[in-house]
1. With at pLDDT 95 or above, under 27 Å from residue 401 (Cα atoms) and in contact with a strand residue (DSSP E or B) (Cβ under 9 Å, 6 or more places away or on another chain) as the only criterion, which of 94, 69, 162 stands out?
2. Would you mind telling me which numbered condition in (1) modelled with pLDDT under 95; (2) within 30 Å of residue 245 (Cα to Cα); (3) under 19 Å from the mean Cα position of the chain (by Cα) residue 11 fails?
3. Out of all the residues in the stretch 132-146, which are over 24 Å from residue 274 (Cβ atoms) and either under 21 Å from the mean Cα position of the chain (by Cα) or in contact (Cβ under 8 Å) with a residue 24 or more places away in the chain (or both)?
4. Evaluate the following for residue 402: is it at pLDDT 95 or above, surrounded by 15 or more Cβ atoms within 10 Å (Cβ to Cβ) and part of a helix (DSSP H, G or I)?
5. Here's a check for you: in the stretch 169-184, which residue that is buried (at least 20 other Cβ atoms within 10 Å of the Cβ) and closer than 22 Å to residue 120 by Cα is nearest to the chain's Cα centre (by Cα)?
6. Give 166, 153, 125 a once-over and let me know the one that is under 21 Å from the mean Cα position of the chain (by Cα) and either surrounded by fewer than 22 Cβ atoms within 10 Å (Cβ to Cβ) or within 25 Å of residue 322 (Cα to Cα) (or both).
7. Looking at the stretch 171-183, is at least one residue in a helix (DSSP H, G or I), closer than 30 Å to residue 52 by Cα and in contact (Cβ under 8 Å) with a residue 12 or more places away in the chain?
8. Go through the stretch 210-242 and report how many residues are surrounded by 17 or more Cβ atoms within 10 Å (Cβ to Cβ), touching a helix residue (DSSP H, G or I) at 6+ places or on another chain (Cβ under 8 Å) and farther than 16 Å from residue 32 by Cβ.
């Protein structure tokens, strides 16, 4: 086993999860982060407009996301997640005014489907088997080609669930990625579908505990270090250039690249990566939720898709939001709040608000983009990729990011994985 230092480029969830696995076995890890904070697209920050610490987005885990939960266990943060203790999903239809709750059976046999009172209003038993088609199609098929994307059940269940998981219109999304999602969640029974989220901020669950573990293990996290270039000789990376300050790599050193795909393409010649992305829009309102408000409310026939109730605010998430990204922020806030007020019974007067737009939140989960995702291994023996955009078998999710980080770490730890350079080499591009 090579015992050189490991340079992790990027302190997002992929980079942090890789670093945690490496320091656990005593490896020297140096994390380089271009920003002044860790977490990447999973972060919290103090917002001066609201006077609150808010998240850049509302990230939802399911209890079947085993690698993400394993990561939280390793950093001692699983208990920070809100867990209803069951697979419960509350929904509201803004158009009809109907409300309903899905309470899924814990086991693999979906007994709840056979009780009309537990099904989505206006749906029949047969409609629930429509997604079986995604398991039978090839890698180039879309969900729209694999199942009927219409009807009450699609509008009230499949579309909201799949849109939030894929961040892409289900009709054009990859049937393969959808099948992978369903296989690990709904097909595994309610025990794999408990909705979990960071009730007191993303940083407090996914980021700060990891930084504390790294610090306790002597790992260095260097903020404000943007990697501009990598120098190569043959099959090895030999130097890292941070803003004009090259750092020579030792013979046994290795590098994990855990940055967004467009940055990875600039750093690594010949690496292919997804190049089509979808946005996510989040709105935060400084107002306490009313008593009895569900922690998570799915919304259909509205601009809002998911309404989250935190102790000090209400937050809204809208996936596949490219149609909204360029709209004026005050117009968005007013329109979203009108619907939030109608759903909660709160005053229609607009409270203090903040709109957060992530224009390139995830790669588009289409068959074409899925085919562009690279493997963790690169043609350089001491360079490995990590990120939710590489081949994880899942769309861009926290679970996928953690899996990529774990895989990158496992490659580094393979016996002989990082072969020493045969002789001293001069640094060159």
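1. Values: 94 fails: under 27 Å from residue 401 (Cα atoms); 162 fails: in contact with a strand residue (DSSP E or B) (Cβ under 9 Å, 6 or more places away or on another chain).
Result of the check over 94, 69, 162: 69.
2. Going through (1) modelled with pLDDT under 95; (2) within 30 Å of residue 245 (Cα to Cα); (3) under 19 Å from the mean Cα position of the chain (by Cα) one by one, residue 11 breaks only (1).
3. Start the filter on the stretch 132-146 by keeping residues that are over 24 Å from residue 274 (Cβ atoms), which leaves 132-133, 136.
The one that is over 24 Å from residue 274 (Cβ atoms) and either under 21 Å from the mean Cα position of the chain (by Cα) or in contact (Cβ under 8 Å) with a residue 24 or more places away in the chain (or both): 133.
4. On the way: at pLDDT 95 or above: yes; surrounded by 15 or more Cβ atoms within 10 Å (Cβ to Cβ): yes; part of a helix (DSSP H, G or I): yes.
For residue 402, the condition - at pLDDT 95 or above, surrounded by 15 or more Cβ atoms within 10 Å (Cβ to Cβ) and part of a helix (DSSP H, G or I) - is met.
5. Our first condition is that a residue be buried (at least 20 other Cβ atoms within 10 Å of the Cβ); within the stretch 169-184, this holds for 169-170, 173-179, 181.
If we keep only those that are closer than 22 Å to residue 120 by Cα as well, we get 169-170, 178-179, 181.
Working: 169: 17, 170: 17, 178: 15, 179: 18, 181: 13 Å.
Per the stated criteria, the residue is 181.
6. Working: 153 fails: under 21 Å from the mean Cα position of the chain (by Cα); 125 fails: under 21 Å from the mean Cα position of the chain (by Cα).
None of the other options fit; the residue is 166.
7. First, the residues of the stretch 171-183 that are in a helix (DSSP H, G or I): 171-172, 175-183.
Then keep just the ones that are closer than 30 Å to residue 52 by Cα; that gives none.
The answer is no, given that none of the residues of the stretch 171-183 is in a helix (DSSP H, G or I), closer than 30 Å to residue 52 by Cα and in contact (Cβ under 8 Å) with a residue 12 or more places away in the chain.
8. 1
The values are calculated or read from the model by the stated rules, or taken from the named source; none is laboratory data. Remember, predicted model here, so these are calculated numbers, not experimental data. Note that we place each Cβ from the backbone using ideal geometry, even for glycine, and neighbour counts take in every protein chain shown.
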